[in-house]
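The values are calculated or read from the model by the stated rules, or taken from the named source; none is laboratory data. Quick caveat: nothing in here was measured; it's all calculated off a predicted structure. Cβ sites come from the backbone with ideal geometry, for glycine too, and all protein chains shown count toward neighbours. Side chains are part of the model used for accessible areas, which takes the heavy atoms of the whole protein and leaves out ligands, DNA and RNA. Shrake-Rupley method; radii C 1.70, N 1.55, O 1.52, S 1.80 Å.
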Amino acid sequence: MEQSDNRTEVITIGLNKTGRNFDYLMEELNNLVEANNMVAKETLTQKLDRPDPATYFGKGKIEELATLIQDTGIETVVVNDELSPSQIRNIEKQANARIIDRTGLILEIFANRAQSKEAKLQVELAKLKYQMPRLHTSASQRLDQQTGGGGDGGFTNRGAGESQLELNRRTLQNKIAHVNQELKELSKSADVKRKQRDRSELPTVALVGYTNAGKSTVMNGLISMFDDDEDKQVMVKDMLFATLDTSVRKITLPDQKTFLLSDTVGFVSELPHQLVEAFKSTLAEAANADLLIQVVDYSDDNRDLMMETTESTLKDIGVENIPMVIAYNKADRMGISYPSREGDNLIMSALDESSLKDLIKIISEKIFKNYQTVSLMIPFDRGDVVSYLNEKTNVISTDYDANGTMITSELSDVDVKRLKRFIIPE
Ligand SMILES: Nc1nc2c(ncn2[C@@H]2O[C@H](COP(=O)(O)OP(=O)(O)OP(=O)(O)O)[C@@H](O)[C@H]2O)c(=O)[nH]1
Ligand SMILES: [Mg+2]
């Protein structure tokens with residue numbers, strides 16, 4: 001992962017509620033911390049059935065945290081859960097620290113990564129929605145300070161504070177409306193693009209999975225097998241959330257069968273709902289796919305939990321009942337033999353050509369299964385149909401007789417329907 005010397009030192013804290021997956025969640029938090037150019041110097045955890053409604057940690061632990069902050073001089077605390085505004089306020093006060101909760105942290109990372117206009121707006125929207133209920137925090141803090149500081153001035157200041165809060169809230173609401181409007185315009189054009197693609201009736205395949213699993217690398221590998229155009233490659237980086245925008249590429253196999261492949265944002269446990277909501281249009285590519293390829297970092301000890309995370313996130317965004325192939329990626333790091341196929345799943349490496357070939361084979365079997373080999377008789381005045389078949393389908397043989405051109409080819413069910421009148425009944 002990213003390293004640099006000017007990283008902010010933080011203390012991570014987490015509540016072990018059920019014991020289940022706790023170590024994994026804390027490890028994930030640590031990765032998120034590093035992805036945000038920070039480094040966790042200390043960690044405090046507590047076993048509790050549920051968070052203390054006022055302070056998240058129990059009283060004793062909060063005191064321990066306050067002492068730790070005093071002793072180390074580290075002022076930023078990253079919390080492994082989303083906190084309520086009052087929890088944040090209370091810990092900040094009692095432990096004298098700046099609090100970043102898990103949602104705030106993920107939002108910061110997304111904000112730093114966003115490149116395109118759409119991604120920037122989506123992150124902006126998620127941030128505004130996250131701030132909305134938290135407005136109270138800073139405004140009332142100011143209020144507290146004001147009333148605490150000053151004799152009979154308190155009353156008038158309170159009034160001023162409240163109208164300031166109202167003003168802030170209205171400003172936020174206006175901003176949200178504005179960003180929503182801009183996104184709507186953008187998504188209209190994204191929607192139009194998607195509809196055009198739908199109309200082209202090409203099968204669509206979406207790469208999904210935990211962040212940093214290798215989705216974009218698989219995408220690039222598959223593209224470069226059939227296309228030397230460098231411009232079609234997508235960005236690959238060893239960091240969390242390298243990809244925030246959806247890229248869609250058309251892939252035409254040597255037998256002319258064509259499909260659309262899309263790459264999109266990766267997942268992490270408890271992806272903030274504000275982000276999921278804001279990224280809906282980006283994630284729609286997966287929701288509308290005919291086939292999902294779940295890319296898994298097979299070399300990661302937490303791969304099973306990462307798969308659980310992916311599957312529950314897919315459910316959250318309403319992606320269900322789409323056939324899925326699992327690509328157990330990065331097998332080259334493990335000293336095992338690959339590619340190795342297990343049913344519809346594949347142990348593979350995105351850096352290995354024979355792995356990519358096997359993956360293409362599995363994809364083809366799944367999405368082109370309703371192709372049929374048929375013979376067609378095309379009259380000489382329909383050169384357009386002959387050209388179409390030659391360019392777009394896998395022609396097996398061509399013959400000529402007095403009536404026209406006889407072609408045997410593999411057709412999708414859509415083409416079978418469309419070209420029915422030329423098909424010679426068996
Ligand atoms: N050794 C090895 N490295 C791989 C493989 N696939 C991907 N990587 C590396 O893993 C890192 C992440 O790859 P990406 O393709 O960016 O991962 P991603 O799933 O698109 O990640 P996000 O966009 O951040 O969700 C990069 O450093 C890749 O070079 C593989 O099969 N073997
Ligand atoms: Mg990516």
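Quick look at the values:
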| item | result |
| --- | --- |
| Restricting region 296-378 to GluC sites (Glu not before Pro) in coil, as DSSP defines it, with at most 12 other Cβ within 10 Å | E320 |
| Accessible heavy-atom area order of V414, V78, highest first, probe of 1.4 Å | V414, V78 |
| Top positive-direction residue, dipole computed over region 202-367 with Cβ charges, set M219, I363, S269 | I363 |
| Most mobile of D290, D381, D344 in a GNM of the chain (Cα contacts under 10 Å) | D381 |
| 14 Å tail of the calculated P(r), region 372-422, as % of Cα pairs | 43 percent |
| Volume in Å³ per residue [convex hull over Cα atoms, computed for the chain] | 173 Å³ |
| Heavy-atom accessible area ranking, 1.4 Å probe, most first, across R341, R102, R421 | R421, R341, R102 |
| Cα centre as origin, Lys/Arg/Asp/Glu Cβ charges: the chain dipole, Debye | 1360 debye |
| Leading residue at positive end of dipole, the chain (Cβ point charges), from N329, N288, A350 | N288 |
| Cα coordinate range in region 202-367, projected on the principal axes (Å, largest first) | 42, 36, 30 |
| Solvent-accessible surface (1.4 angstrom probe) belonging to T103, in square angstrom, nearest 10 | 10 Å² |
| Total formal charge among the other residues, if their Cβ is under 9 angstrom from that of T405, Lys/Arg +1 and Asp/Glu -1 | -1 |
| Inter-centroid distance (Cα atoms) of region 11-76 relative to region 204-272, Å | 35 Å |
| Mean ellipticity per residue at 222 nm, deg cm²/dmol - from DSSP H runs of n ≥ 4 across the chain, formula -39500 (n - 2.57) | -15000 deg cm²/dmol |
| Area of K41 that stays accessible when all protein chains are in place (1.4 Å probe, Å², to 10) | 110 Å² |
| Accessible surface of the chain [probe 1.4 Å, protein heavy atoms]: carbon and sulfur percent | 46 percent |
| Order by protection proxy (mean Cβ within 10 Å, highest first), peptides 382-394, 210-222 | 210-222, 382-394 |
| Antiparallel content of DSSP bridges confined to the chain, in %, to 5 | 45 percent |
| 1.4 Å probe accessible area per residue over the chain, in Å² | 50 Å² |
